[in-house]
Amino acid sequence: MLGQQIVNGVMLGSVYAMVAVALTLSIGVLNFLNFSIPAMFMIGGMATWAFIHAGLPWPLAVAAALVVVGIASLIVELFTWRWMRGADKFVPLVSSMAFLILFEHLAIALYGSDLRTVNAGFSQVDLRFGGLVVGIPQLIGLVGSIVLIWCLSLLLNRTQLGRALRTIAEDSDTALLLGVNINRVVPIVFVVAGAFAAFAGVIFALNYRQVHPFMGEVVGLKGISAMIIGGMGNIWGSIVGGLVIGLVEVLAIGYFGADFVDIAVFGLLLLILFFRPTGLFAGMTAARGGI
Amino acid sequence: MSGYLEGILVLLAVNIVYAYGAFLPLAAGQLNIGLAGFAAIGAYSSAYVSNVYGIHPLIAIPIGGVVAALIALVVAVPVLRTRGIYLALATFALGQVVQASLLNMNVVGGAAGYPVTAFIRLPVVVGFAVVVMLLVWLLFTTRFGIAARAVHDDERVADLMGIEVRGFQVAAFALGSLISGIGGGIYAHHFSFIEAQYFNITLSITIVLYVLLGGTQTVFGPLIGAAVFTLLPELLRGSANWRYVVFAAGIIVLMALRPQGLITGGMLRRLFDWRDPFAKSPDAAKERAT
């Protein structure tokens with residue numbers, strides 16, 4: 001029983017971890033808490049459902065959903081970053097919150113606010129290890145997220161683009177002086193962060209088979225918590241944070257009932273903010289190569 | 001007066017009170033996105049003392065505000081050790097914990113909601129809003145307003161000028177929470193019923209949006225922001241589905257065109273040719289130059 005709950009917690013945690021990585025990438029490089037990330041998660045899930053519903057096979061639907069998220073991320077970049085440089089420090093945050101409201105209500109206006117069932121056309125295949133049940137889509141999601149995060153880490157630490165991003169994280173004015181083309185590099189951050197959140201949304205849609213215009217809020221709030229617990233700007237910390245939140249959530253449901261999930265998760269977050277406000281792995285921020 | 005109009009006016013008054021609750025920390029450069037949590041604390045504690053101990057709403061509502069302010073102090077003092085966005089994140093976590101806890105507290109009805117027996121009419125609601133507004137305006141004519149502005153513009157320079165930066169941030173945050181708690185108490189005692197689901201993150205974010213859209217440079221910003229964005233959606237009621245889409249798109253465009261908010265210090269000076277001590281800031285100077 002406990003073993004099964006740990007498996008479920010890790011699966012849920014990997015979804016939170018992906019969202020947390022998207023948020024932490026934005027905070028770490030741009031120092032910007034991007035509230036439109038939960039919307040990208042929702043668009044990933046809802047667009048996958050919509051394209052499957054329209055008759056596309058699921059791999060094409062997923063690809064099309066990722067393209068939609070890429071375009072949405074570029075629009076967000078224009079209005080929260082490119083045209084807003086030099087504005088008050090809360091302005092990008094406000095605009096990204098407005099984008100969250102905009103995308104959620106756009107989804108409602110287009111598809112209604114009902115819970116939709118995703119029918120991907122493949123049957124749920126489970127693997128059994130002893131008494132533990134692991135769904136194959138879950139396993140693919142978990143492995144896929146680990147591989148993606150590993151690729152991101154390589155990108156940041158080993159490539160010219162990664163070096164440019166780390167320079168911007170240190171000081172964007174200096175980066176400009178050193179010849180980094182900020183207007184070309186920053187949109188990549190938005191698209192990569194959006195893609196991570198969207199991939200989490202796709203995994204969520206295919207695993208739990210349900211999508212909803214407000215699905216991003218619940219997961220997004222847990223993703224923010226995961227990011228803080230791991231230490232903002234630290235990718236591997238976000239993964240640990242995501243897994244911690246996933247496990248706490250599943251164990252809280254198992255032992256105290258579903259009503260106590262939010263108290264447990266956000267109570268833990270509040271305690272960490274009290275005693276270690278910079279998270280469990282503070283100090284390893286983007287600029288110092290901890291990303 | 002029609003019930004509809006009265007409903008809108010009460011909503012407007014409550015939103016204005018919330019907006020001043022969000023304005024105080026924003027004016028000192030801190031973001032409170034757990035405002036709904038403090039409003040919930042104010043609403044539930046004032047409803048509890050007026051229901052159980054029979055205390056008059058005029059006293060119960062400020063008591064609710066004081067409880068919210070005390071909890072804000074408990075949160076702010078440890079978290080403000082760090083700079084940057086951590087207080088905003090702590091308020092976010094606190095808002096979530098408050099909502100989740102209230103949903104599980106059977107003494108105040110849990111998820112079923114909590115009925116409030118005492119009732120206050122529209123004039124009392126408006127009276128509270130006017131008093132809150134006047135007190136904040138008075139506060140910002142004192143040294144407090146200038147210091148808050150200095151902390152908002154540059155914490156380090158404010159520190160060099162001898163301002164107790166952390167003290168001001170904690171004070172602005174606790175006072176803002178007090179006002180949010182009062183807003184919650186007004187809401188509870190007019191609508192006679194509260195439920196934890198109302199005090200969600202969307203409420204917090206919407207209120208912060210009102211203030212930032214109105215502008216944080218002057219004490220008139222929250223009033224204008226709350227008024228415009230409470231009344232504007234009412235005009236858009238015809239297209240219910242697209243209403244929020246239009247609202248959100250409006251915010252994004254407004255932020256792109258006028259990032260300092262609708263009302264700025266420089267604008268007031270041009271209009272009335274007066275000097276608002278609160279508006280002395282680099283932004284205002286830039287505006288004057290153009």
- line: Put B:191, B:220 in order of accessible area, largest first, probe 1.4 Å, and you get B:191, B:220
field: Helix runs (DSSP H) in chain A reaching 18 Å along axis by Cα, Kyte-Doolittle at least 1.0
entry: A:2-30, A:37-53, A:58-80, A:91-111, A:136-158, A:182-208, A:215-230, A:235-256, A:261-275
statement: In a Gaussian network model of chain B with springs linking alpha carbons closer than 10 Å, the residue among B:78, B:62, B:115 that fluctuates most is B:78
- prompt: How high is the relative contact order of chain B, in percent, with contacts defined as C-alpha pairs under 8 Å that are six or more residues apart?
  reply: 30
statement: Taking only Cα atoms of chain B, the Rg to Rh ratio with Kirkwood Rh works out at 0.97
query: Angle between the Cα long axis of helix B:35-52 and the longest principal axis of chain B, 0 to 90 degrees, nearest 10?
result: 40
task: Calculate the mean, over all residues of peptide B:254-264, of how many other protein chain Cβ atoms lie within 10 angstrom of the residue's Cβ.
output: 4
message: Taking 45 Å as R0, compute the FRET efficiency from the Cβ-Cβ separation of residue A:163 and residue B:235 and round it to 0.05.
response: 0.30
query: If you keep only loop residues by DSSP, which trypsin sites (Lys or Arg not before Pro) in the range A:16-94 have at most 16 other Cβ atoms within 10 Å of their Cβ?
result: A:85, A:89
field: Per-selection Rg to Rh, the range B:53-97 - Cα, Kirkwood hydrodynamic radius
entry: 1.15
message: Restricting to Cα atoms and excluding each atom paired with itself, what does the Kirkwood estimate give for the range B:189-243 in Å?
response: 12.8
message: What number do you get for the protein assembly as shown when its Cα radius of gyration is normalised by 2.2 N^0.38 Å, N = residues?
response: 0.96
query: Along its principal axes, what span do the Cα atoms of the range A:75-189 show, with the longest given first and each in whole Å?
result: 58, 41, 21
Per-residue ³J(HN,Hα) for the range B:212-227, Karplus 6.51 cos²θ - 1.76 cosθ + 1.60, θ = phi - 60°, Hz, x for Gly and Pro: 5, 6, x, x, 9, 6, 10, 6, 7, x, x, 4, 5, x, 5, 5
task: Provide, as a two-decimal number, the C-alpha radius of gyration of the range A:1-68 over 2.2 N^0.38 Å, N being how many residues it has.
output: 1.39
message: Heavy atoms of the protein only, probe of 1.4 Å, neighbouring chains included. What is the accessible area of residue A:111 in Å², nearest 10?
response: 90
- prompt: Which value, in Å² and to the nearest 10, is the accessible area of residue B:154 when all protein chains are kept and the probe is 1.4 Å?
  reply: 70
Accessible area in the full protein assembly, largest first, 1.4 Å probe, for B:218, A:159, B:141: B:141, A:159, B:218
message: Can you give me the angle between helix B:240-257 and the longest principal axis of chain B, using Cα atoms only, in degrees from 0 to 90, rounded to the nearest 10?
response: 20
message: Expected output is a single nm value to one decimal: the length gained when fully extending between residue B:228 and residue B:192, i.e. 0.36 nm times separation in residues minus the C-alpha distance. What is it?
response: 10.3 nm
message: Suppose accessible area is computed on protein heavy atoms with a 1.4 Å probe; arrange A:255, B:48, B:244 from highest to lowest.
response: A:255, B:244, B:48
- prompt: So, in Å, what gap is there between the alpha-carbon centers of the range A:39-70 and the range B:1-61?
  reply: 41
task: May I ask you to derive the relative contact order of the range A:192-286, considering only C-alpha pairs under 8 Å and at least 6 residues apart, and to give it as an integer percent?
output: 28
- request: Report, by chain and number, residues whose modeled amide H sits under 5 Å from the one on residue B:193, excluding near sequence neighbours (fewer than 5 apart, same chain).
  value: B:116
- prompt: Can you give the accessible area of residue A:236 in Å² (nearest 10), computed on protein heavy atoms with a 1.4 Å probe?
  reply: 110
- line: Counting only residues 5 or more apart in sequence or on a different chain, those whose built amide H sits under 5 Å from that of residue B:263 are B:215
- line: Inter-part gap, Cα centre of the range B:148-188 to Cα centre of the range A:142-183, in whole angstrom, is 36
- request: Taking each pair of different alpha-carbon atoms in the range B:33-76 once, compute 1/r for the pair, average those values, and report the inverse of that mean as the Kirkwood hydrodynamic radius in Å to one decimal.
  value: 10.3
- prompt: Å³ per residue of the Cα convex hull, for the range B:27-157?
  reply: 120
query: Roughly how compact is the range A:121-232, stated as its Cα Rg over 2.2 N^0.38 Å to two decimals?
result: 1.37
- line: So the B/A interface buries, both sides summed and with a 1.4 Å probe, an accessible area in Å² (nearest 100) of 3700
task: Could you sort B:159-165, B:147-153 so that the peptide with the highest average Cβ count within 10 Å comes first and the rest follow in order?
output: B:147-153, B:159-165
message: Counting only Cα atoms, I'd like the Rg/Rh figure for chain A, Kirkwood definition for Rh.
response: 0.97
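The values are calculated or read from the model by the stated rules, or taken from the named source; none is laboratory data. Computed from a predicted structure; not experimentally measured. Reconstructed Cβ throughout: ideal geometry from the backbone, glycine too, with neighbour counts over all protein chains shown. Side chains are part of the model used for accessible areas, which takes the heavy atoms of the whole protein and leaves out ligands, DNA and RNA. Shrake-Rupley method; radii C 1.70, N 1.55, O 1.52, S 1.80 Å.
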